[in-house]
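The block underneath contains the structure these notes are about, expressed in structure tokens.
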Amino acid sequence: MNKQQLVSALSIKSEISKKDAEKHITNLFDIIMETTSSGENVKIVGFGGFEKKPTKGSSGIIRFGDRKGETWTTEDSFKPYFNPSKAFEDAVKA
């Protein structure tokens, strides 16, 4: 399901216009992204949680090609993470 299909489904289920459904979905996604990127977790009971997790940088040596023997590194950073609730997992397994 893509975003437009989600908008249509919400529009039908909530009996609202597609324009309003798209606005609500966009606002919800924006709030989740803004909150998570600021370092605060978003937990939705019965659905799951969104959080910002640190990733450790790495390094290595190039083994092939013209740059063989050179070292490379990546810096520590963050990635978004979704942790589904037990109810969500049970619904998917069923």
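We did not get these values from a lab; they are worked out from the coordinates using the rules stated. Here the structure is a predicted model, which means the values were calculated and not measured. So basically every Cβ, Gly included, is an ideal-geometry build from the backbone, and we count neighbours across all protein chains shown.
Brief remarks on what is shown
- Tally, over the range 20-39, of residues that are touching a helix residue (DSSP H, G or I) at 6+ places or on another chain (Cβ under 9 Å) and not hydrophobic (A, V, I, L, M, F, W, C): 4
- Condition met for Asp66 (on the phi < 0 side of the Ramachandran plot, part of a loop (DSSP other than H, G, I, E, B), exposed (fewer than 12 other Cβ atoms within 10 Å of the Cβ) and acidic (Asp, Glu)): yes
- Some residue of the range 22-33 being outside any helix (DSSP H, G or I), farther than 23 Å from Glu89 by Cα, out of contact with any strand residue (DSSP E or B) (no Cβ under 7 Å at 6 or more places or on another chain) and not hydrophobic (A, V, I, L, M, F, W, C): no
- Going through (1) more than 30 Å from Ser77 (Cβ to Cβ); (2) among the small types (Gly, Ala, Ser); (3) within 14 Å of the chain's Cα centre (by Cα) one by one, Gly49 falls short only on (1).
- Screening the range 2-32 for residues that are aliphatic (A, V, I, L, M) and free of Cβ contacts under 8 Å to residues at least 12 places away in the same chain and picking the one that is nearest to Phe78 (Cα to Cα) gives Ile31.
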